[in-house]
Each structure stands twice: as C-alpha cells, then as structure tokens.
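Undergrad: Can you keep this structure in mind? I'll have questions shortly.
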Amino acid sequence: MQTVQEKLQVLREKNARTVLGGGPEKIEAQHKAGKMTAHERLHLFFDNGFYDELFRYVAHSSTAFGMTGRELPGDGVVTGLGAVRGRLVYASSQDFTVMGGSVGWMHAGRSARSWTCR
C-alpha cells in the first residue's frame, strides 16, 4: 500500500505531465511560432493569472486510428474557472500541443461541462 507521501508524489508527477501537454518540443514549436500554450493563454486571461483547472485528468477513450494507449493530456483542451475583473468566469482553451488541438469526444464534453458549471 502506498503512503500518503507516495500518493502525493504520483499526483505531482501527473500534474507536471498534464501542464506539459504534448511535450516540451511541441511547446517550443508554439513559442517559436509566436504563440502561447493553452495554459499560458488562460493565465493571461484570468485575474492575477490564477484559475482552477476543471476536469484536469480527463482521458480520451478512442480506440480507432491507432489511438489505443496514447496519452493525450486533457484530450487537447484546458478548462478552468477564475475571476475576470472580479467576476466568476468559466473558460476553455484548445491545447494545440496535443493532437493539434483537434476536438475529440472527451474534449467536447469537457468544454461543454465547463460552460454549464454553476
């Protein structure tokens, strides 16, 4: 059985992988093209750069086109809630480092759920 410290370490590692989206190479390509990542765009959008990410650990369930076993953090979208000018706002940002930000089943569901959260 894992200790609490071991479980926290696993969670920290999972969070770090999620923030990297499609990986350091894809993030670097975004920056070279003069673009921000999905996380960077949301940090810029929300007051003080702070937001709570919703449905962070959603994983795709596709088995078609060789997708079985592929890890796609957040299924290509980052959703969150935070304040904009002091008002509660829900937002989503497509993560182009993950499959070019293409919309999958979980991606669409994650976006729709974030828009209807109350």
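Undergrad: Can you tell me which residues in the range 1-15 are polar (S, T, N, Q), outside any loop (DSSP other than H, G, I, E, B) and without any contact (Cβ under 8 Å) to a residue 24 or more places away in the chain?
TA: Initial filter on the range 1-15 (polar (S, T, N, Q)): 2-3, 5, 9, 15.
Those still in the list that are outside any loop (DSSP other than H, G, I, E, B) too: 5, 9, 15.
If the condition is that a residue be polar (S, T, N, Q), outside any loop (DSSP other than H, G, I, E, B) and without any contact (Cβ under 8 Å) to a residue 24 or more places away in the chain, then Gln5, Gln9 are the ones that fit.
Undergrad: A further question on this structure: Please find, within the range 16-25, the residue that is farthest from Val77 (Cα to Cα) out of those that are at pLDDT below 90 and in a helix (DSSP H, G or I).
TA: By that ranking, first place goes to Ala16.
Undergrad: Which of the residues belonging to the range 79-94 are of a type in the set (Val, Ile, Thr) and buried (at least 20 other Cβ atoms within 10 Å of the Cβ)?
TA: Once the filter is applied, which keeps residues that are of a type in the set (Val, Ile, Thr) and buried (at least 20 other Cβ atoms within 10 Å of the Cβ), the range 79-94 yields only Thr79.
Undergrad: Go over the candidates Glu6, Glu13, Glu28, Glu53 one by one and state the one that is under 15 Å from the mean Cα position of the chain (by Cα), open to solvent by 40 Å² or more (accessible area, probe 1.4 Å) and either small (Gly, Ala, Ser) or at pLDDT 85 or above (or both).
TA: Of the residues listed, the single one that is under 15 Å from the mean Cα position of the chain (by Cα), open to solvent by 40 Å² or more (accessible area, probe 1.4 Å) and either small (Gly, Ala, Ser) or at pLDDT 85 or above (or both) is Glu13.
Undergrad: Here's a follow-up. State which residue pairs qualify: first residue over 9 Å from Val78 (Cβ atoms) and inside the range 38-55, second residue of a type in the set (Val, Ile, Thr) and open to solvent by 30 Å² or more (accessible area, probe 1.4 Å) in any location, beta carbons under 7 Å apart, and separation of 6 or more residues or different chains.
TA: Phe45/Val84; Phe46/Val84; Asp47/Val84
Undergrad: Looking only at the range 68-75, decide whether some residue is in contact with a helix residue (DSSP H, G or I) (Cβ under 7 Å, 6 or more places away or on another chain), surrounded by 12 or more Cβ atoms within 10 Å (Cβ to Cβ) and either part of a strand (DSSP E or B) or at pLDDT 90 or above (or both).
TA: There is no residue in the range 68-75 that is in contact with a helix residue (DSSP H, G or I) (Cβ under 7 Å, 6 or more places away or on another chain), surrounded by 12 or more Cβ atoms within 10 Å (Cβ to Cβ) and either part of a strand (DSSP E or B) or at pLDDT 90 or above (or both).
The values are calculated or read from the model by the stated rules, or taken from the named source; none is laboratory data. For clarity, every value in this text was computed on a predicted model and none was experimentally measured. So basically every Cβ, Gly included, is an ideal-geometry build from the backbone, and we count neighbours across all protein chains shown. Accessible surface is based on the protein model in full, side chains and every heavy atom, while ligands, DNA and RNA are left aside. Shrake-Rupley method; radii C 1.70, N 1.55, O 1.52, S 1.80 Å.
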